[in-house]
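Trainee: Quick one: structure below, then a few questions.
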Amino acid sequence: MDFLEQNHRNPSRHHIEEHVHLNWLKANRKLLNAGQPAPEYRQNEFMVYATIRQHGDAVGQLNGELNDSQKMTLEYIRQHEGCNTKQISVGLDVPFDTIDKHIRVLVKNGFIEHRGSKKTGGYYPV
């Protein structure tokens, strides 16, 4: 029995389930790109529970050391002084939010600084 026959009263349910699945995939990809562990899932007959664990502090730092992705961001800034977050994101093909987190870690630890206005300024190695 195919899906539409089983759900003939609400065929749009298929589209909702497909949308939920795509969001789940995007969320997992964002976590893995940010160097975070994959979520842990469990379910009962009514709900699905996801446990999302985070390494380090709120901006992704672990034991005072930079992870590989943060090091890659720092190296890009060293090679392209004055670049902004969007330029780094495009240049490294890494999501903007991930680069934004890396930049916060790099600024906080004194590896880089921002010069200029928020709109036209960029990041420079210290």
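Trainee: Being among the basic types (Lys, Arg) and in a helix (DSSP H, G or I) is the filter; apply it to the stretch 88-126 and report the residue that is surrounded by the fewest Cβ atoms within 10 Å (Cβ to Cβ). Spell out how you get there, then give the answer.
Mentor: Keep residues of the stretch 88-126 that are among the basic types (Lys, Arg), which gives 101, 104, 108, 115, 118-119.
Still in the list and also in a helix (DSSP H, G or I): 101, 104, 108.
On the way: LYS101: 20, ARG104: 14, LYS108: 12.
Within the stretch 88-126, the match that is surrounded by the fewest Cβ atoms within 10 Å (Cβ to Cβ) is LYS108.
Trainee: Mind counting the residues in the stretch 19-74 that are within 16 Å of the chain's Cα centre (by Cα), part of a loop (DSSP other than H, G, I, E, B), at pLDDT 75 or above and among the polar types (S, T, N, Q)?
Mentor: Adding up the residues that qualify gives 2.
Trainee: Name the pairs: first residue in the stretch 29-46 and under 25 Å from THR73 (Cα atoms) and in contact (Cβ under 8 Å) with a residue 60 or more places away in the chain, second residue of a type in the set (Ser, Thr, Tyr) and surrounded by 13 or more Cβ atoms within 10 Å (Cβ to Cβ), Cβ to Cβ under 6 Å, at least 6 apart or on different chains?
Mentor: Final answer for the pair search is ASN33/THR98; ALA34/THR98.
The values are calculated or read from the model by the stated rules, or taken from the named source; none is laboratory data. This one's a predicted model, so the numbers in the text were calculated from it and none came from an experiment. Methodologically, a virtual Cβ is constructed for each residue, glycine included, from the backbone with ideal geometry; neighbour enumeration extends over all protein chains shown.
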